[in-house]
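One structure is given here, and the rest of the page talks about it.
A short reminder: the numbers here are calculations on the coordinates, not readings from a lab. Please read all numbers here as calculations on a predicted model, not as lab measurements. Positions of Cβ are backbone-derived with ideal geometry, glycine not excepted, and every protein chain shown enters the neighbour counts.
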Amino acid sequence: MPQRPPARIGDPIAAIDTPALVLDLDAFDRNLARMADATAGLRLRPHAKSHKCPDIAWRQLARGAVGICCQKTDEAAAFVADGIPDVLVTNEVVAPAKIERLAALARDATVGVLVDDAANVNALSDATTAAGASLDVYVEVNVGADRCGVAPGPAALELAQRVATAAGLRFRGLHAYHGSAQHLRHPEERQQAIARATEAATMTRDMIENAGIVCAIVTGAGTGTWRHERDSGVWNELQPGSYPFMDADYGRNMLAPDDIAFEQSLFVLAGVMSVADGRAIVDAGLKAFAFDSGLPIVHGGPRATYVKASDEHGVLQVAPAAEMLARNDRVWLIPGHCDPTFNLYDWVVGFRGDRVDCVWRIAARGALG
């Protein structure tokens, strides 16, 4: 059961119960529009693992997205239950119980999944046929992330041939995502990484099509590199996830002159609990943020630095020349990594100006199966 919402529509921002995940809807809308405009003519399939929220997914579809991505079967189930019509699980699903759930979902929506193993193709085929459904299947190619995926070239062709002849499965194309390129700090590094990925994806696509198999879609890309995939001539579907929100880690990426800058729209609103000796203690600690990409950053307001966290406390060091915070003051904090921070909350509070405009449930929170 989700926790009670931290705010009501129409409340002033000052009435939001802290700590709360909050979204600047004006910046969010501008980010959606920028990406939709910049990817016109290509298929945009935003990655919903970043937000796990059907209300956000519907707004992305309203901006022209063809569907969404997610990472887990239970995530997909939360979106399909809300009526999202097209969901691609950008992961391998191999456990029998998960395969059965995935096949059942494919009766109610267009559902896709990745493969990098022939035995998994057979298991997906058996379960989907038994469920009276069909699955879209993409061969995942390792284009540099060194995570899942088969090697480019003959191994991918062999797997595509197996998918193309398997009952209950539709071979849709290739999944080619270079995750580790997203946070390379210099734009030239990101460009070079995707140039190498482009060579691998192009060679593999051409090999499959030369074998007489239609490779309709090459899908991939993320918020750090989507422009390079867009301009590559090989990717025709893009999967950026963090662009509507951004975070401190993406803020560390240097941008090229022709890159599009997305605005920070996502914050954790924290309340000051205690003050002493140049410190302010807020009610947002280790349980309020993902810390894998570093400490949160104080946004606007006082000249302060988030320097330490414990379970339910965050310690801010306030600059000597700055006006000291007082108890019950509000502090806006930028998460280090937006995706796992979303997963810590049941609700995201959207605001315009100084008022709460919406409270959206993060329905796929904790959907790890």
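Here are a few things to note about the model shown:
- Distance from the alpha carbon centroid of the stretch 42-72 to that of the stretch 189-252 works out to 17 angstrom.
- Estimated from helical segments only, the mean residue ellipticity of the chain at 222 nm is -8500 deg cm²/dmol, where each DSSP H run of four or more residues counts as -39500 (n - 2.57).
- Mean Cα-pair separation over length for the stretch 39-245, i.e. relative contact order, pairs under 8 Å, 6 or more apart, %: 18
- For the stretch 88-171, the relative contact order works out to 29 percent when only alpha carbon pairs closer than 8 Å and six or more residues apart are counted.
- Backbone geometry of the stretch 212-223 corresponds, through the Karplus equation with coefficients 6.51, -1.76 and 1.60 at θ = phi - 60°, to 3J(HN,Hα) couplings of x, 10, 6, 9, 5, 10, 10, 10, x, 5, x, 4 Hz, x marking Gly and Pro.
- Using C-alpha pairs below 8 Å separated by at least 6 residues, the relative contact order for the stretch 183-315 is 18 percent.
- Residue by residue, the stretch 233-238 carries 3J(HN,Hα) couplings of x, 10, 6, 10, 9, 10 Hz when phi is fed to the Karplus relation 6.51 cos²θ - 1.76 cosθ + 1.60 (θ = phi - 60°); x denotes Gly or Pro.
- Hydrodynamic radius by Kirkwood, which averages 1/r over all alpha carbon pairs of the stretch 19-154, in angstrom: 16.1
- Among Asn31, Asn236, Asn328: highest mean-square fluctuation, GNM of the chain, C-alpha pairs under 10 Å: Asn328
- Square roots of 5 times each gyration tensor eigenvalue, C-alpha, the chain, largest first, Å: 40, 23, 17
- Under the shape rule built on the C-alpha gyration tensor, where the axes satisfy a ≥ b ≥ c, the stretch 39-245 is oblate, since a/c reaches at least 1.5 while a/b does not exceed b/c.
- Sequence-distant lysines (8 or more away, or on other chains) whose Cα lies within less than 23 Å of Lys72: Lys49, Lys52, Lys98, Lys287
- Neighbour counting of Cβ atoms within 10 Å sorts the residues Tyr177, Tyr243, fewest neighbours leading, into Tyr243, Tyr177.
- 12 Å beta-carbon shell around Ala319, net charge (K/R +1, D/E -1): +1
- In order along the stretch 278-289, the Karplus-derived 3J(HN,Hα) couplings, from 6.51 cos²θ - 1.76 cosθ + 1.60 at θ = phi - 60°, round to x, 10, 10, 9, 10, 8, 10, x, 4, 8, 10, 9 Hz, and Gly and Pro are given as x.
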